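Peer 1: Okay, handing you the structure first.
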Amino acid sequence: MYDLYNELVRRRYTLRKRAKRMAQTRDSIIEAARKVLVRPNFHGLSLDEVARTAGVTRVTIYNQFLSKVGLLEALFEDSGRRMEVLHAFAALAHPDPSTALFLLIRDNCRAWSRDRDVLQRVVALASIDPEASRVLAKYEGRREHDMEVLVARLQASRLLAPRILRAQATSTLVTITSFQLYDQLASTGLPHPKIVDSLSRMARGLLR
């Protein structure tokens, strides 16, 4: 009985160590993908290049993420944690939809600024890589859904300007809250508070 107990403890310890090693390997691959993306000579996200940078084999990447799409999705999730995008989701939950709108713009801009270099390359990659485009479209679809819900709340609260159709308002908010517009404004040298103010003024055009 004592030997059986020791064997169970040993196996549990071994499994924990293996899980820890796998998590560390996963993190190192994601970090390697980030490094590849921001290199000056960036020309695409090659799994072979990511593997060399992480010091693992291509097979290890497939074992961890199943595919390049899986790696890109993990990269998005990691970027989301770095940007603290949950703050933006929290803003959407504010009981007053107009306040939710302006909090969302503020928190979105703060999030975009935290991982701008990587997001620039991901957007560029999506224009030439079908797999990256598919992953980006998935996350953009979620964002569009959030804007649809917010516009519906604005309309239900009679805060949406009557001349503006719901679909038009949704499309406008998707653009206003996009990384691409934030990055375009930031590229002109506009300071962060001014970007927030500029986007907020655009959003006010949708309200009564």
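The values are calculated or read from the model by the stated rules, or taken from the named source; none is laboratory data. Keep in mind it's a predicted model, so treat the numbers as computed, not measured. Cβ coordinates were reconstructed from backbone atoms using ideal geometry, including for glycine residues, and neighbour counts include every protein chain displayed.
Peer 1: Hey, among Leu136, Leu185, which residue is of a type in the set (A, V, I, L, M), over 16 Å from Met202 (Cβ atoms) and part of a helix (DSSP H, G or I)?
Peer 2: Step by step, each of Leu136, Leu185 is checked, and only Leu136 is of a type in the set (A, V, I, L, M), over 16 Å from Met202 (Cβ atoms) and part of a helix (DSSP H, G or I).
Peer 1: Can you confirm whether Val135 is under 26 Å from Leu173 (Cβ atoms), within 14 Å of the chain's Cα centre (by Cα) and surrounded by 19 or more Cβ atoms within 10 Å (Cβ to Cβ)?
Peer 2: Here the answer is yes, as Val135 does meet what is asked.
Peer 1: Mind listing whichever residues of segment 168-204 are over 19 Å from Leu92 (Cα atoms) and either touching a residue at least 24 places away in the same chain (Cβ under 8 Å) or aliphatic (A, V, I, L, M) (or both)?
Peer 2: Answer for segment 168-204, where residues must be over 19 Å from Leu92 (Cα atoms) and either touching a residue at least 24 places away in the same chain (Cβ under 8 Å) or aliphatic (A, V, I, L, M) (or both): Gln180, Leu181, Asp183, Leu185, Ala186, Leu190, His192, Ile195.
Peer 1: Further question on the same structure: Does Ala19 qualify as being modelled with pLDDT of 95 or more and outside the structural domain of Arg114 (by TED's automatic domain parsing)?
Peer 2: For Ala19, the condition - modelled with pLDDT of 95 or more and outside the structural domain of Arg114 (by TED's automatic domain parsing) - is not met.
Peer 1: Follow-up question, since we're still on this one. Being in contact (Cβ under 8 Å) with a residue 40 or more places away in the chain and either under 21 Å from Ala54 (Cα atoms) or outside any helix (DSSP H, G or I) (or both) is the filter here; which residues of segment 71-95 pass it?
Peer 2: Leu71, Leu72, Glu73, Ala74, Leu75, Phe76, Asp78, Ser79
Peer 1: Something else: Mind listing just one residue for me: the one in segment 154-175 that is under 19 Å from Leu199 (Cβ atoms) and touching a helix residue (DSSP H, G or I) at 6+ places or on another chain (Cβ under 7 Å) and, of those, surrounded by the fewest Cβ atoms within 10 Å (Cβ to Cβ)?
Peer 2: Only one residue fits best here, namely Thr175.
Peer 1: Turning to a different aspect of this structure: Identify, please: which residue in segment 98-123 is without any contact (Cβ under 8 Å) to a residue 40 or more places away in the chain and more than 14 Å from the chain's Cα centre (by Cα) and is, among those, surrounded by the fewest Cβ atoms within 10 Å (Cβ to Cβ)?
Peer 2: Thr99
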